[in-house]
């Protein structure tokens, strides 16, 4: 039955996939090169939404083997979720700490550093 | 009714994911982007829990707790120099999760799986499994568990490609015979082998591109799973992740003037490095080696200094000393900038993160296109652990493997200080012409030690 649903909604899903890809390309293009590393950590955590798929399979497991596979998958995805968001936050905090520091320095040196 | 509610919650979480990437575009709003994505993910999970009756909540909870126990110490204690490894590992985890869920989805419905669903499942599993081993190899190379050089042997492209073709062939057979569940593990094995062979043949300096490509694969396979389960939030999140990896891979390979295929199958490095060895000894005589005191004298009179960091800075953890040196220079009124090449380091944005960790203000980090016109007016360019990205051969020597790669025009600075561990060529195996220029001062030694000594020498004067 899941299979039939997939088939009937194929065109809708394809449209979603294509539009989301184009949107993603546009969004990522505008991400500052400074932030490419935290960006990767973040998108990786976002794609761990695959844990949702694990939950869906977990709602109707046929046997124990499937249970094992899904539990491993959920563990792996959870690891990514937790560490992905935490490390993104940690990296971003390092970038943010700059601002006050920066302002002081600029004043000291008569603002001779090119801004931006 | 619950089904309807969950679709609306998915809409909310999709909006949050898109906003999150929008907010990641600049440093000011990036932290908000991180929170938005976390909230989006939480809403998607809660929505799913409301819509589906989960029989084994205990297993779910156990999986999540174990995941959190593994994930949080990694995130809290990870040194910034090890971020590329962590990224490779997270691609491995993510792709394995997707592949395993794909497999369990098949087993759950076998043999009543229609051809379309099974073909998407096969594609998704092949991608997931090959990304898993590929990322594991990338992790091992970055962590130094195995040598970073590309594994080159005659006919390796044919071996790799035939492994992939067999995996795809098995997938096609599987779609035609959905009841033959024994095919699945064999197909998985070939996909795993292909990922292993693929990344084994890729060298360390190509890792920024490889990691980005693996990121794209992991995202694509998650989107594939979304198609199978008709789960729209998964399709959107997967394609956002996939397109992000794709764009980063494009940026990285453009910065090396190479195509994807060349990065994946080129194996740059190993062969040339072997041929180069005798030549290095011969030229080494012409190199001018200097002491830190010489450099300190030059810096005394410098008004503009540009640091050029590379992977060597990460290896010797020299970013904090670089910052200290920059502080000393700045208190003397010297203008300090950092020149960041897009592929410096081992993943996109690697140098930026290391320097941010050392509390370098991010507006002192200059991208290649913006800093290059400024090199002719730069008094001293200090190269710390970078090599190939500064090699002028990329502009002039048509037979060089680096030819055509955009480089930092370090050679145009009035004086170049090149801190280098030894005369070994860089990753490309190419000798760097920069070493032999009359205005280049070579300082040999570990980057951190040299800079520490330099700092001491400068404080003396």
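Among the residues of region B:419-430, is there at least one that is under 18 Å from residue B:298 (Cβ atoms) and touching a helix residue (DSSP H, G or I) at 6+ places or on another chain (Cβ under 8 Å)?
Step one: of region B:419-430, the residues under 18 Å from residue B:298 (Cβ atoms) are B:419-420.
With the extra rule that they be touching a helix residue (DSSP H, G or I) at 6+ places or on another chain (Cβ under 8 Å), the set shrinks to B:419-420.
There is at least one residue in region B:419-430 that is under 18 Å from residue B:298 (Cβ atoms) and touching a helix residue (DSSP H, G or I) at 6+ places or on another chain (Cβ under 8 Å).
Condition (residue is buried (at least 24 other Cβ atoms within 10 Å of the Cβ), within 7 Å of chain A (Cβ to nearest Cβ) and more than 17 Å from residue A:71 (Cβ to Cβ)) applied to region B:91-100: is it met by at least one residue?
There is at least one residue in region B:91-100 that is buried (at least 24 other Cβ atoms within 10 Å of the Cβ), within 7 Å of chain A (Cβ to nearest Cβ) and more than 17 Å from residue A:71 (Cβ to Cβ).
State whether the residues of region B:89-104 include one that is over 27 Å from the mean Cα position of the chain (by Cα), without any contact (Cβ under 8 Å) to a residue 40 or more places away in the chain and part of a helix (DSSP H, G or I). Please lay out each step first, then the result.
Just the residues of region B:89-104 that are over 27 Å from the mean Cα position of the chain (by Cα), to begin with: B:103-104.
Now narrow it down to the ones that are without any contact (Cβ under 8 Å) to a residue 40 or more places away in the chain: B:104.
Of the ones still in play, those that are also part of a helix (DSSP H, G or I) are B:104.
Scanning region B:89-104, I find at least one residue that is over 27 Å from the mean Cα position of the chain (by Cα), without any contact (Cβ under 8 Å) to a residue 40 or more places away in the chain and part of a helix (DSSP H, G or I), so the answer is yes.
Within region B:309-344, how many residues are buried (at least 24 other Cβ atoms within 10 Å of the Cβ), within 19 Å of the chain's Cα centre (by Cα) and not in a loop (DSSP other than H, G, I, E, B)?
7
Look at region B:159-200 and say how many of its residues are in contact (Cβ under 8 Å) with a residue 60 or more places away in the chain, more than 27 Å from the chain's Cα centre (by Cα) and under 23 Å from residue B:136 (Cα atoms).
2
Which one of these is surrounded by fewer than 20 Cβ atoms within 10 Å (Cβ to Cβ), more than 7 Å from every other protein chain (Cβ to nearest Cβ), within 14 Å of residue A:56 (Cβ to Cβ) and without any contact (Cβ under 8 Å) to a residue 60 or more places away in the chain: B:5, B:39, B:69, B:50?
Details: B:5 fails: within 14 Å of residue A:56 (Cβ to Cβ); B:39 fails: within 14 Å of residue A:56 (Cβ to Cβ); B:69 fails: within 14 Å of residue A:56 (Cβ to Cβ).
So the residue among B:5, B:39, B:69, B:50 that is surrounded by fewer than 20 Cβ atoms within 10 Å (Cβ to Cβ), more than 7 Å from every other protein chain (Cβ to nearest Cβ), within 14 Å of residue A:56 (Cβ to Cβ) and without any contact (Cβ under 8 Å) to a residue 60 or more places away in the chain is B:50.
For region B:10-31, check the following and say yes or no: at least one residue is under 16 Å from residue B:235 (Cα atoms), without any contact (Cβ under 8 Å) to a residue 12 or more places away in the chain and facing another protein chain (nearest Cβ under 7 Å).
no
Any residue at all in region B:383-402 that is at pLDDT 90 or above and touching a helix residue (DSSP H, G or I) at 6+ places or on another chain (Cβ under 9 Å)?
Going residue by residue through region B:383-402, those that are at pLDDT 90 or above are B:383-384.
Among the residues that remain, those that are also touching a helix residue (DSSP H, G or I) at 6+ places or on another chain (Cβ under 9 Å) are: B:383-384.
For region B:383-402, residues at pLDDT 90 or above and touching a helix residue (DSSP H, G or I) at 6+ places or on another chain (Cβ under 9 Å): present.
Listed residues B:64, B:132; which is in a helix (DSSP H, G or I) and either modelled with pLDDT of 95 or more or farther than 23 Å from residue A:45 by Cβ (or both)? Don't jump to the end; show me each part of the working.
On the way: B:64 fails: either modelled with pLDDT of 95 or more or farther than 23 Å from residue A:45 by Cβ (or both).
So the residue among B:64, B:132 that is in a helix (DSSP H, G or I) and either modelled with pLDDT of 95 or more or farther than 23 Å from residue A:45 by Cβ (or both) is B:132.
The values are calculated or read from the model by the stated rules, or taken from the named source; none is laboratory data. These numbers come from a predicted model, not from an experiment. Glycine gets a Cβ as well: all are built from the backbone with ideal geometry, and neighbour counts include every protein chain shown.
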